[in-house]
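Notes to accompany the following structure.
The values are calculated or read from the model by the stated rules, or taken from the named source; none is laboratory data. No experiment lies behind these values; they were computed from the predicted model shown. Cβ coordinates were reconstructed from backbone atoms using ideal geometry, including for glycine residues, and neighbour counts include every protein chain displayed.
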Amino acid sequence: MKKQQGFTLIELMIVVAIIGILAAIALPAYQDYTVRARVTEGLSLASGFKSTVGENIASNGGVIAAGSCAGVTDLGATGAVASVTCADATGVIVATMDATGNNVPLTLTPTSAAGTPITWLCTTPAANHRYVPGECRNVAP
């Protein structure tokens, strides 16, 4: 009887099948990871606006009114972010991702009452929760 050298065809086919199954699981997880990284870029750009808007609201006695976005320049397309805008009357900051970020919108809404610190609520549509950081997994009103 001859000693067997190498692998049989069935063994090689089993290895190929196992690699295919692992790739089928890993690829979607990696794609979600890359979208989350791009959305985080948008959140960090939008968060840069918060200090200026907060200062404007504090200068106005804690009242959110016209002029909340004074000194804030809206951003155009940068990397995976399509735009970051600030609504002057409400101080709401919206970061919209481009197609590489699954067009996810992030909305940062300030709330303030006289004599209390300004708080920010980050919201996004429920369908996009798997792509956003935990602090933004609030459903937009």
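For region 88-117, taking the residues that are more than 11 Å from the chain's Cα centre (by Cα) and part of a helix (DSSP H, G or I), the one that is modelled with the lowest pLDDT is identified as Thr100. In a residue-by-residue description of region 130-137, the property of being closer than 16 Å to Ser44 by Cα and touching a His at 6+ places or on another chain (Cβ under 6 Å) applies to at least one position. Looking only at region 60-87, how many residues end up being among the aliphatic types (A, V, I, L, M) and in a strand (DSSP E or B)? The total comes to 4.
Taking the criterion of being loosely packed, with under 13 Cβ neighbours inside 10 Å and small (Gly, Ala, Ser), the residues of region 67-78 that qualify are Gly71, Gly76, Ala77.
For region 36-60, the set of residues classified as over 21 Å from Arg130 (Cβ atoms) and out of contact with any strand residue (DSSP E or B) (no Cβ under 8 Å at 6 or more places or on another chain) consists of Gly48, Ser51, Thr52, Glu55, Asn56, Ala58, Ser59, Asn60, listed by residue number.
Output the residue which, of all residues in region 118-141 that are in a loop (DSSP other than H, G, I, E, B) and modelled with pLDDT of 85 or more, is farthest from Gln31 (Cα to Cα). That would be Ile118.
Here's the yes/no breakdown for (1) farther than 28 Å from Thr34 by Cβ; (2) surrounded by 15 or more Cβ atoms within 10 Å (Cβ to Cβ); (3) charged (D, E, K, R); (4) in contact with a Lys or Arg (Cβ under 7 Å, 6 or more places away or on another chain):
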site: Ala89; (1), (2), (3), (4): yes, no, no, no
site: Asn102; (1), (2), (3), (4): no, yes, no, no
site: Ile118; (1), (2), (3), (4): yes, yes, no, no
site: Ala126; (1), (2), (3), (4): no, no, no, no
site: His129; (1), (2), (3), (4): no, no, no, yes
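Taking the conditions (1) at negative phi; (2) surrounded by 10 or more Cβ atoms within 10 Å (Cβ to Cβ) in turn, Lys3 satisfies each one other than (2). Listed conditions (1) surrounded by fewer than 18 Cβ atoms within 10 Å (Cβ to Cβ); (2) part of a helix (DSSP H, G or I); (3) at pLDDT 90 or above are all met by Leu43, apart from (1).
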